[in-house]
Amino acid sequence: MTSSELIKQIKVSTGLSAEKIKSALNNFQNIIAEELNAGREVQMPGFGNFVIVSYPSRTVLNPRDPKQKIVTIGSNVPKFRPHPDLTNAIKNKNYLPSDINSQTDIPQTTQANQDQGIPIAYEDLSGLTIPKKILALVPEHVARHFQAVPIGEKNGRITLAMIDPEDREALEFIKKKTGQELDLKICTKADINHILDQYSGISGELKKIVDEVGSDEIDGEKKSDNSEKPKVESVSTEEITETAPAAKIAQSIIRRAVREKASDIHIEPTEEEVIVRFRVDGILRKIISLPVEILPALVSRIKILANMKIDETRLPQDGRFQEILDQNEVDFRVSTFPTVNGEKVVARILDKSSGIISLEQLGFRGSAYKILEDNITKAHGMILSTGPTGSGKTTTLYAILQKLMNEKVNIVTLEDPVEYKMPTINQGQIQSNIGFSFASGLRSILRQDPDVIMVGEIRDYETADMAIHSALTGHIVLSTLHTNDAAGAIPRFVDMKIEPFLINSSLNVVVAQRLCRKICQFCREPIEIDAANMDVTKKEIENLPQAEEKPSKLQFYHGKGCGNCGQTGYKGRIGIFEVFELAENVKELVAKKSSGSDINNMAIKNGMVSLRQDGILKAIDGLTTLEEVWRVTKD
């Protein structure tokens, strides 16, 4: 719909003059633009949200030729996320008065429409299940190559959903391949992957494989007639070819994990079966059960990919490999562990296509963001990120590095392992087996004339001592520490035998963080909370620092579940943070070797927003739920 068409329809509905409508629309656009430029999300109940999405500059694979790479330009793009009520109204055409519905034809989106300049309509495919006979109209390899899927057929025309409907090469090829005319829809990459998965989902893929070879042959050998439990043994490299059943299953598991945005794959043997679980948004969920006979071949296939010893089943092993999936490079960090039922495999997924996200995207806001930004610009000193494993500490350090990155600064990192490769940064990976540890590596880094040093983790006195002295000698040092809260970093250093005066002289700021699951923006709706939770919430809000803006209304939300979030109500994660810098009164407590609780109380007195308070503010903003905040902040 063009702006002139919109004005005409509003005029018919309201009776207002075209000039007044145009002026109102211009004012509406200006208000939204001002809010977005200020970094604020615009929420309109029942209508939707306007947000700014930052796309960093990155190198990606050419969709037409995966052997080549292209550079995308970084940009900030305004996005509109419609409310489900608006989406349903549009689908049912309830947004038009009855007289217009009866008298006005809504233009259909076809290729002819496109040629005539009529905009191509967006189609939400998240909840669609496409019949097999429709999918068969466009072969899977063609659909994957051109990122175009068939979603319907009528009167000899295929309705085709694409990411780029202006890809003439794709259109001509698909028309020639199918022999039919095309009606076009535009959709997201996530929607395309959702439909591509329906060509051959993991369950159907497994059933097909088992049907083809027989469950008694799936491990590469016929089972004997006796019903004893099969032995779990390794298999030879020759048996694990690209076309072997185990290889097909491994590839199917890997592909689905990446498309579901999983962070880890767990392959766990039991006495009766092999369980495959994915960790999505920090929560493990079961995906499928496999026959126990497949375990040796499946583990061997993954070991081959990760360049590990397939004949060593008694000791743990580590490896890594890279796959190209949906035109993106994806790294996998693999660990095997022998159990009484066979080898357990865990693969960490590092999807490079997501890029490095900014501090704002991570969830830093208000006073926490200002404190961190002020300390990033200091000429020297240490910035620490603390929290349990999997709380996003390294991601926060990468976001800080992105702010520090420029051609005038020499940045050197020491990581275990290097999770994301960043241009213009010298990244090193420790090798403990040959004596290249954090401590020895840090000693070498100081001879590389660095301005900024990132140490993946401070684990012992030697590393802590080197990091402290690096910060004292004119370097910016970033690192992580395993503590429950920000104030706990001080006693942790003292436990490592670091003198309090050295801590006071070198440490600038400490960040503590957790990751909460985000409410799915497609099925978010308001919710009433019980009196007990409301009392706790009100108390935390009352205790907010004076400088922090308190919400005027305590409204909370949840996701009711939809196709976009797998009926969980959650999609994605956001950080909650507490950030404090070492003010003079805090340094006095450090000098006295005071407890973590005393230092924490002083930090709160100085205006620090606690993890729980930051989580509650994000829950009021509709980003997460109170249940998630309680889950990640419980002692």
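The values are calculated or read from the model by the stated rules, or taken from the named source; none is laboratory data. Since the structure is predicted, the reported quantities are computational estimates derived from the model, not experimental observations. Cβ atoms come from the backbone with ideal geometry, glycine included; neighbour counts cover every protein chain shown. With ligands, DNA and RNA removed, areas are computed over all heavy atoms of the protein, side chains included. Shrake-Rupley method; radii C 1.70, N 1.55, O 1.52, S 1.80 Å.
Numbers at a glance
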item	result
Check on residue 363, at positive phi, of a type in the set (Gly, Ala, Ser), open to solvent by less than 30 Å² (accessible area, probe 1.4 Å) and assigned by the TED database to the domain that holds residue 451	yes
Residues satisfying the stated conditions in region 567-606, i.e. more than 25 Å from residue 363 (Cβ to Cβ), among the β-branched types (Val, Ile, Thr) and in a loop (DSSP other than H, G, I, E, B)	none
Boolean, residue 493 is in the same structural domain as residue 417 (by the TED database), surrounded by fewer than 17 Cβ atoms within 10 Å (Cβ to Cβ) and among the aromatic types (Phe, Trp, Tyr)	no
Members of region 426-482 found to be open to solvent by 10 Å² or more (accessible area, probe 1.4 Å), under 18 Å from residue 492 (Cβ atoms) and aliphatic (A, V, I, L, M), listed by number	466
Filter pass, residue 398 being in a helix (DSSP H, G or I) and within 30 Å of the chain's Cα centre (by Cα)	yes
One residue from 610, 597 being touching an Asp or Glu at 6+ places or on another chain (Cβ under 6 Å) and either of a type in the set (Asp, Glu) or over 30 Å from residue 260 (Cβ atoms) (or both)	610
Single match in 314, 279, 285, 320 (criterion: in contact with a Pro (Cβ under 7 Å, 6 or more places away or on another chain), open to solvent by 40 Å² or more (accessible area, probe 1.4 Å) and not hydroxyl-bearing (Ser, Thr, Tyr))	314
Residue in region 323-345 that is farthest from the chain's Cα centre (by Cα), counting only those that are under 16 Å from residue 269 (Cβ atoms) and open to solvent by 40 Å² or more (accessible area, probe 1.4 Å)	340
Region 607-628, subset part of a helix (DSSP H, G or I) and open to solvent by 40 Å² or more (accessible area, probe 1.4 Å), residue nearest to residue 520 (Cα to Cα)	627
Pairs with Cβ under 6 Å, 6+ apart, first in region 407-420 and free of Cβ contacts under 8 Å to residues at least 12 places away in the same chain and farther than 18 Å from residue 350 by Cα, second of a type in the set (D, E, K, R) and outside any loop (DSSP other than H, G, I, E, B)	none
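To keep it simple, each residue is scored yes or no on (1) outside any helix (DSSP H, G or I); (2) under 20 Å from residue 622 (Cβ atoms); (3) modelled with pLDDT under 90.
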{"position": "512", "(1), (2), (3)": "yes, no, no"}
{"position": "517", "(1), (2), (3)": "yes, yes, no"}
{"position": "529", "(1), (2), (3)": "yes, yes, no"}
{"position": "534", "(1), (2), (3)": "no, yes, no"}
{"position": "539", "(1), (2), (3)": "no, no, no"}
{"position": "547", "(1), (2), (3)": "yes, no, yes"}
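To keep it simple, each residue is scored yes or no on (1) open to solvent by less than 60 Å² (accessible area, probe 1.4 Å); (2) more than 30 Å from residue 81 (Cβ to Cβ).
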residue: 134; (1), (2): yes, no
residue: 141; (1), (2): no, yes
residue: 147; (1), (2): yes, no
residue: 150; (1), (2): yes, no
residue: 161; (1), (2): yes, no
residue: 166; (1), (2): no, no
residue: 184; (1), (2): yes, no
residue: 187; (1), (2): yes, no
